Amino acid sequence: ARLPLLLPLAWHLRQRDTPRALQLADEAEALLGDAPALPAEQRDAHIARLQLVRAEATWLSGQLDAADALARQAGQRCTALQLVAGSADAHWLRAWIAIDRGDHVAAETELEQMAAVARAGGDPQRHAIADAVNARWAVLRDLASAQQRWAQRFTPAEENQPGVASWIY
């Protein structure tokens, strides 16, 4: 009964209370081992999301190489399982890891991949957020070029979504 609640809670707490998120991830993983009736695809989806929680915790602790490896593995697993949100979130995390490394070209590539995955998977919010973050970095590099590329990208409907608007503005 706890398993369906542990994963979303661990994900929610991953940045707010990372040690607690990791405890919940450990508990969820243990419960997954004790739930043989759970379909394999659902188990794999849970494992992939738990891997993303651990990857983010690793990133937050400054272990960039290890975090990137975990995020890449989680992303590959999510892609194989056709989990759009998980695949997009793995690209998102890899973008921020690249930014922390000072590799803005890699970050831009990861955000473009996130946008493509989200667009293809019917997730307009993640698609818009990835584009907004890329636009933000583009503005810092070359304002005129960024205005040319991004000025007409965002719709009023996207701008009215608080999660998207916070990245646009």
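If the only charges are +1 at each Lys and Arg Cβ and -1 at each Asp and Glu Cβ, what is the size of the charge dipole of the stretch 103-169 around the Cα centre, to the nearest 20 debye?
140 debye
Could you tell me the distance between the Cα centroids of the stretch 12-32 and the stretch 73-107, to the nearest Å?
Going from one Cα centre to the other spans 20 Å.
Convert each backbone phi in the stretch 11-17 into a coupling constant with the Karplus relation 6.51 cos²θ - 1.76 cosθ + 1.60 (shift: θ = phi - 60°), then list the ³J(HN,Hα) values in order as whole Hz, x for Gly and Pro.
Calculated HN-Hα couplings, in order: 5, 4, 8, 4, 9, 6, 8 Hz.
Where the accessible area of the chain is counted over protein heavy atoms with a 1.4 Å probe, how much of it, in %, is carbon and sulfur?
Accessible surface attributable to carbon and sulfur in the chain totals 54 percent.
Quick one: putting +1 on the C-beta of Lys and Arg, -1 on the C-beta of Asp and Glu, what dipole do you get for the chain around its Cα centre, in Debye to the nearest 20?
Roughly 140 debye for the chain.
On C-alpha positions alone, give me the angle between the axis of helix 124-141 and the longest principal axis of the chain, in degrees, nearest 10.
50 degrees
If you take the charge dipole of the chain about its Cα centre, with +1 on Lys and Arg Cβ and -1 on Asp and Glu Cβ, which of 117, 97, 37 is farthest toward its positive end?
Result: 117.
Given a cut-off of 13 Å, what percent of all Cα-Cα pairs of the stretch 27-93 lie beyond it?
Result: 60 percent of Cα pairs exceed 13 Å.
If you average the sequence gap of Cα pairs under 8 Å that are 6 or more apart and divide by the length of the chain, what percent do you get for the contact order?
So the answer I get is 13 percent.
Please sort 14-25, 87-98, 139-150, 117-128 by packing, taking for each peptide the average over its residues of neighbouring beta carbons within 10 angstrom, highest first.
87-98, 117-128, 14-25, 139-150
If each residue of separation counts as 0.36 nm, what is the full-extension length gain between residue 79 and residue 160 once their alpha-carbon separation is subtracted?
Extra length available between residue 79 and residue 160 comes to 26.2 nm.
Which order do the peptides 104-110, 54-60 come out in when sorted by mean C-beta neighbours inside 10 angstrom, highest first?
Descending packing order for the listed peptides: 54-60, 104-110.
Taking the simple approach of a point 7 Å from Cα along Cα-to-Cβ for both residue 20 and residue 72, what is their distance in nm?
Between residue 20 and residue 72, the simple spin-label model gives 3.4 nm.
Could you provide, to the nearest whole Å², the per residue accessible area of the chain with probe 1.4 Å?
Per residue, the chain has 54 Å² of solvent-accessible surface.
What list of ³J(HN,Hα) values in whole Hz, one per residue of the stretch 25-42 in order, does the Karplus curve 6.51 cos²θ - 1.76 cosθ + 1.60 (θ = phi - 60°) give from phi, with Gly and Pro shown as x?
Along the stretch 25-42, the couplings run 5, 4, 5, 4, 5, 5, 5, 4, x, 9, 10, x, 7, 5, x, 4, 5, 5 Hz.
The values are calculated or read from the model by the stated rules, or taken from the named source; none is laboratory data. It should be emphasised that the depicted structure is a prediction, and the values quoted were computed from it without experimental measurement. No Cβ is skipped: glycine too gets one built from the backbone with ideal geometry, and neighbour counts run over all protein chains shown. Note: accessible area is taken over every heavy atom of the protein model, side chains too, but ligands, DNA and RNA are not part of it. Shrake-Rupley method; radii C 1.70, N 1.55, O 1.52, S 1.80 Å.
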